[in-house]
Structure formats: C-alpha cells, structure tokens
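In what follows, a single structure is set out as structure tokens and then discussed.
Please treat every number below as a calculation from the coordinates, not as lab data. Please read all numbers here as calculations on a predicted model, not as lab measurements. Here the Cβ is made from the backbone with ideal geometry for all residues, glycine too, and neighbour counts use every protein chain on show.
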Amino acid sequence: MIDLRILVLGTGGTIAGAAGSATGGTYRAGGLALAAMLEQLAALGLDAQLVPQEIARIGSQDIGWPQWQALHAACAAAMDDPAITGIIITHGTDTAEETAFLLDLTLPTTKPVVLVGAMRPADAVGADGMRNFANAVKVASDRQATGRGVLLVMGDAVLAARDARKAATSAIDAFRGFPRGPIARVTPARIDWFAPPHRQEEPAHYAFPDSLPRVAILAAGAGMDEQPVEALLGIGCKGMVLAGMGQGNAPACVLGALARAAAAGVPVVRSTRVDEGIVDRNVEVDDDALGLVAARALGPAKARVLLMVLLANGITDASRLQAAFDGG
Ligand code: SIN
C-alpha cells in the first residue's frame, strides 16, 4: 500500500472564512489559519498524511501574480518530491477557475493537483468546506486522479480546470463545467470517474512565465462605442479579451477598433458574456478579415489567463493563438 502524503497549500477564501455568526451574514475570507482547518479535518479520520504550507490568507479576488508564482513553485517542487503523492490547494471560489487553469497550463500531469473551496464560511450553519475538503483529500489520494490536469472539487463533483466556472454567487452548487460537466462524482463509498485519464504523463503545456503581460477583458454592451478599446490601448494593454454579445459579437465600431488593435500587434480574443456556449471562428464575425481569435469554449476569465500565458511564452501570431484556443 502506498503511503499517501498530500501537500496542502492554503490561500484563504471562504473555505477559511470566519463569520462569527451561524448565518454568516458578513464574514472575512481567509480568517481561519490552515493549521486550524487541518485540525478539524484530522478528526474525520482520513487515511492521508497532510503537509500544510500557507501561501496566503486572502480572499481570492486579491489573488494574482505573487500568489500564482508561489503556488506554481510549491507545486513544481512537490511534483519532483517522491515523498509527496498529491497536492491540494484551498482557494476562494471567485477566482478558483483562473488559478486552476493557469496551473493546468503550466504544470506536468504526473501527480493529482486539486483546488477546493467553499461557498459558506467555516463557522456558518450548513458549512460546506469540510465536506469539500474531505472530498478533495479522497480525490488527491486516488491514483486515477493523475493524468487529468488540475482538478476542482466542489460539493461531490470533480471538474477539470479547463471546463470549470463559477456560475452562481452564493448557491452551494455554484460551479458548472463546460463543455464537459463533472468528470467524476465523489460518493461516500468511492469515486466514479466517467472516462479514463486523457493526459497521462504529459509535460507542462507552457513554461511558467517570469511575468504576465497586461491583458484586459472588455465587456460588450448595447450602444457602446469604441472609446474603451482606445483607452485600453492607451494604458499599454498587450492583449484584449472581448466578453462579447452572443457568439462573441460587438457593435461594428468596436469590432473595427479591435481589428485595428490586432493589426497594431495587440492580439484580441473574442469570448462571450453569455453563460455557456462555443464562440467559433468566422460565424457572425469575420475573424479572418479582422485578424481576431475565437475563444471557443473558454469564457472571458479563462480566455484572459490563456492569452496571458501565450503572450508571455512569445506566441503572438493569430493562427498559433487560435490553435491554442482550439486545443484540448
Ligand atoms: C473568495 O473567492 O475568496 C470569496 C468567495 C469564496 O471563497 O467563495
């Protein structure tokens, strides 16, 4: 039997949030230390040995480059450490999809990496954090979790990083997967995986960069003009993601300004403000003529993460960018 030793990287979020009241009307994300959370978890009698490392104690709205660097370095070291069998990251749910996807793009797939969060503070009645955490330990302990990229465990569902997105502000069942739904379900007795691992022994898709370029998300709205595009160029954006209408659309004057940005060397990816769906090339918008990239299944937040990683890796050409958005 393998000795299970799981590195737990704490960043804060509601899973580590303390409300000080049973109904949790207001609370502070990250108020609870990782050690205190692990103490509660120890009482559940799980098999794995947990090795805590606190990266931050913040709400995930404040997660950014310094925490991403620290998380990536800790995960990369754990991947190389034969004593560590899996990695869990406790994280706020607001930006969990961004951190999960960034790590998914920049880590090898040799050990399970599982993000977990909660929708209710730890001391609120009906808190979901401990259950989610216990499920994350089960998933990170499962050999079948390897070779699937970074995973997100919320409730009893396991989502792949590329698919996961937060779809509700406060409901317990806040996450959805698109284009795939959950890739596994955790039951009290076992984990049911719905397909075999598809990324066995893969190296990282992209190098973790030395820095990330400024990439902005531009939200489309009826009646808008092109001035926000000019403003983003004015502050030195190196790339833009359009959270467009419907299939990634925008008023003609905005598309014109985005095409001029692309022609001037600032790549533009068209995503959608709609909850779900694919943005394909050249359907309503002539990407070939305008020099734009279609985000396919990625929503604006994850499209921004991918564009930042691609630009930081020197990939700027529209056809290579499109290939990366088409992939996987
Ligand atoms: C956060 O993202 O840190 C706050 C919200 C949450 O964790 O659910």
Inset, instruction - At q = 0.31 Å⁻¹, work out log10 I(q)/I(0) for the range 133-187 with the Debye formula, treating every Cα as an identical point scatterer and leaving solvent out; two decimals please. - result: -1.35
Inset, instruction - Please work out the ratio of the alpha-carbon Rg of the range 88-222 to 2.2 N^0.38 Å and round it to two decimals. - result: 1.08
Legend entry - Net charge dipole size for the chain [Lys, Arg +1 and Asp, Glu -1 on Cβ; Debye, nearest 20]: 260
Inset, instruction - Please compute the net charge surrounding Gly13, taking Lys and Arg as +1 and Asp and Glu as -1 over other residues with Cβ under 14 Å from its Cβ. - result: -2
Inset, instruction - Please list, in chain and number order, the residues 5+ apart from Arg273 or on another chain whose amide H is under 5 Å from its amide H, with Hs placed from the backbone. - result: Gly244, Met245, Gly246, Gly248
Inset, instruction - Run through the DSSP bridge list for the chain and note the antiparallel percent, rounded to the nearest 5. - result: 35
Legend entry - Computed over the range 228-328: relative contact order in percent, which uses C-alpha pairs under 8 Å that are six or more apart: 26
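Do any trypsin sites (Lys or Arg not before Pro) in the range 150-207 lie in a DSSP loop with no more than 14 other beta carbon atoms within 10 Å, and if so, which? Show your work: numbers first, answer last.
On the way: sites: Arg162, Arg165, Lys166, Arg176, Arg180, Arg185, Arg190, Arg199; in loops: Arg162, Arg180, Arg190, Arg199.
Taking the range 150-207 and a limit of 14 other Cβ atoms within 10 Å, the loop trypsin sites (Lys or Arg not before Pro) found are Arg180, Arg190.
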Inset, instruction - Please provide three numbers in whole Å: the alpha-carbon extents of the range 207-328 along the principal axes, with the largest listed first. - result: 40, 32, 25
Legend entry - Distance histogram for the range 100-178 (every C-alpha pair counted, 10 angstrom bins, percent rounded to whole numbers): 20, 49, 26, 4
Inset, instruction - Hey, can you grab everything whose amide H is under 5 Å from the amide H of Leu218? Only 5+ residues off in sequence or another chain; H modelled, so Pro and N-termini drop out. - result: Val241, Leu242, Ala243
Legend entry - Dipole axis of the chain (+1 Lys, Arg; -1 Asp, Glu on Cβ), positive-most option in Asn135, Leu311, Ala184: Asn135
Legend entry - Relative contact order, percent, the chain [alpha-carbon distance under 8 Å, six or more residues apart]: 14
Inset, instruction - State the volume of the convex hull built on the alpha-carbon positions of the range 191-257, expressed per residue in Å³ and rounded to an integer. - result: 176
Inset, instruction - Determine ³J(HN,Hα), in whole Hz, for all residues of the range 241-248 in sequence, where each value follows from phi through the Karplus function 6.51 cos²θ - 1.76 cosθ + 1.60 and θ = phi - 60°; x replaces Gly and Pro. - result: 10, 8, 8, x, 7, x, 7, x
Legend entry - DSSP-loop GluC sites (Glu not before Pro) across the range 40-137, with at most 12 other Cβ within 10 angstrom: none
Inset, instruction - Based on alpha-carbon positions alone, could you give the equivalent ellipsoid semi-axes of the range 60-159 from the gyration tensor, as √(5λ), descending, whole Å? - result: 21, 17, 11
Legend entry - Check: the range 1-109 dipole with +1 on Lys, Arg Cβ and -1 on Asp, Glu Cβ, in debye: 280
Inset, instruction - Starting from the amide H of Val266, placed 1.01 Å from N in the peptide plane, find each other amide H under 5 Å away whose residue is 5 or more places distant or on another chain. - result: none
Legend entry - Estimated vicinal HN-Hα couplings, Hz - the range 133-146 in sequence order (Karplus 6.51, -1.76, 1.60; Gly, Pro = x): 5, 4, 5, 5, 5, 4, 5, 5, 8, 8, 4, 6, 7, 6
Legend entry - Stokes-Einstein diffusion coefficient of the chain, Kirkwood radius over Cα pairs, 4 °C, 1.567 mPa s, in µm²/s: 64
Inset, instruction - Mind checking the full-extension length gain between Asp173 and Gln200? Use 0.36 nm per residue of separation minus the Cα-Cα distance, one decimal, nm. - result: 6.8 nm
